[in-house]
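Student: I have a structure I would like to understand better, so I am pasting it below and will then ask my questions one at a time.
The values are calculated or read from the model by the stated rules, or taken from the named source; none is laboratory data. This one's a predicted model, so the numbers in the text were calculated from it and none came from an experiment. All Cβ positions, glycine included, derive from the backbone under ideal geometry; neighbour counts span all protein chains shown.
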């Protein structure tokens, strides 16, 4: 009996310790973060929704590079496609190209040390972002650099939802076909992708800008008006709420995870009550523990007010997009969940060109045809059988 009492107090102590670590760490970290904003630019974009085509073009651009390759990924797996990618970086470093590879510490934790050591021996400069550290160990374990940025010769940029690994070309038998959205940027916007990479590189290495080769070539003015917005767990909620408030007729939200929190949920309900047609697309499959159950906390009230929720059923859906009345399209790395809202560093692109927004919307409409509409009956049946799991998901939702 005495052991049980001491064990109970030990669990309580650990819970309080983690809670204070998280709260104080979040407050300390947010106070330190900049609120960077980039100007509106004009660039040309190539849109990708499948990994094969993205990897083909990205790898080819890396192969053709002459001066510099700056890469940031949240995840690089330890598998065949990842080894091919890393071998290409090794090859370019041996040719004298400046290669910098920045990986999130937790996201790419499965990449073995001997692989990283080999990269360094070949001349690739490797750094790990967001290493856990005292005094806020638990918080820093949660706060991740979730951006995906590639900048080649300071004139070609890539960003979006894809990481590097076999699963992103359908290699995971559980998830199957992988649907995601990614963009190649050519034009003025590459300046901002390069700047953001250098900011993140400095945060991880403390290598000053003066010691980084950054020969920016003149970049052309493209056709698509856009604006990059990096967030640090401190601005994304306000952006999403502003999008919802701006919607007059239609709002489309695509995300692999739908855990918006109470403030955004309230704004969605207000939008539905004023007659905005809202469509949400999420995957029917789940790639992380409890994320699907957590979304059901929010689905019920939205469905009852007329929100159309679709569950993608042709593999796994990982795209992150918000479209407001054909006027604004937000696309990038941020999910519609609390982790992206309050913990992770993300980079999103606001596109203001109506013609380009129409092209992206056509892809979404095609994906909606491969999704099942979630009726209130199906929602209710699922909730009835998963009550305990949904309650647990609610408690853990900030960390899912």
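Student: Where in the stretch 283-349 are there strands (runs of 3 or more DSSP E), lying fully within it, with 3 or more residues that are under 19 Å from the mean Cα position of the chain (by Cα) and either within 30 Å of residue 150 (Cα to Cα) or touching a residue at least 12 places away in the same chain (Cβ under 8 Å) (or both)?
Tutor: Because the criterion is at least 3 residues that are under 19 Å from the mean Cα position of the chain (by Cα) and either within 30 Å of residue 150 (Cα to Cα) or touching a residue at least 12 places away in the same chain (Cβ under 8 Å) (or both), the strands (runs of 3 or more DSSP E) in the stretch 283-349 that meet it are 321-324, 328-332.
Student: Scan the stretch 93-118 and report the pairs whose first residue is farther than 19 Å from residue 80 by Cβ and whose second residue is part of a helix (DSSP H, G or I), with Cβ atoms within less than 7 Å and a gap of 6+ or a chain change.
Tutor: Final answer for the pair search is 99/89; 99/92; 99/93; 100/201; 102/200; 102/201; 102/204; 106/141.
Student: Another one. Scan the stretch 253-267 for residues that are in contact with a helix residue (DSSP H, G or I) (Cβ under 6 Å, 6 or more places away or on another chain) and more than 26 Å from residue 36 (Cβ to Cβ) and jot them down.
Tutor: Hits for the stretch 253-267 are 258, 265.
Student: In addition: Scan 273, 285, 245 and give me the residue that is in the same structural domain as residue 353 (by TED's automatic domain parsing), farther than 23 Å from residue 37 by Cβ and out of contact with any strand residue (DSSP E or B) (no Cβ under 7 Å at 6 or more places or on another chain).
Tutor: So the residue among 273, 285, 245 that is in the same structural domain as residue 353 (by TED's automatic domain parsing), farther than 23 Å from residue 37 by Cβ and out of contact with any strand residue (DSSP E or B) (no Cβ under 7 Å at 6 or more places or on another chain) is 273.
Student: A follow-up question, please. Determine which member of the set 222, 176 is assigned to a loop (DSSP other than H, G, I, E, B), modelled with pLDDT of 95 or more and at positive phi.
Tutor: From the options 222, 176, the qualifying one is 176.
Student: Would you say residue 81 is surrounded by 14 or more Cβ atoms within 10 Å (Cβ to Cβ), outside the structural domain of residue 343 (by TED's automatic domain parsing), more than 21 Å from residue 346 (Cβ to Cβ) and touching a residue at least 12 places away in the same chain (Cβ under 8 Å)?
Tutor: Answer is yes for this residue.
Student: Which residue, of 24, 54, is touching a strand residue (DSSP E or B) at 6+ places or on another chain (Cβ under 6 Å) and in a helix (DSSP H, G or I)?
Tutor: Residue meeting the stated conditions: 54.
Student: Okay, moving on. Quick test of your reading of the structure: residue 127 fulfils all but one of (1) in contact (Cβ under 8 Å) with a residue 12 or more places away in the chain; (2) in contact with a strand residue (DSSP E or B) (Cβ under 9 Å, 6 or more places away or on another chain); (3) assigned to a helix (DSSP H, G or I); (4) surrounded by fewer than 22 Cβ atoms within 10 Å (Cβ to Cβ). Name the failing condition by number.
Tutor: Exception for residue 127: condition (3).
Student: On the given criteria, is residue 72 without any contact (Cβ under 8 Å) to a residue 40 or more places away in the chain, surrounded by 19 or more Cβ atoms within 10 Å (Cβ to Cβ) and in contact with a strand residue (DSSP E or B) (Cβ under 6 Å, 6 or more places away or on another chain)?
Tutor: no
Student: Among 306, 332, which is modelled with pLDDT of 95 or more, within 19 Å of residue 259 (Cα to Cα) and loosely packed, with under 15 Cβ neighbours inside 10 Å?
Tutor: Result of the check over 306, 332: 306.
Student: While we're on this one: For the stretch 350-388, give me the residue count where each residue is in contact with a helix residue (DSSP H, G or I) (Cβ under 9 Å, 6 or more places away or on another chain), surrounded by 15 or more Cβ atoms within 10 Å (Cβ to Cβ) and either in a helix (DSSP H, G or I) or modelled with pLDDT under 95 (or both).
Tutor: Number of matching residues: 4.
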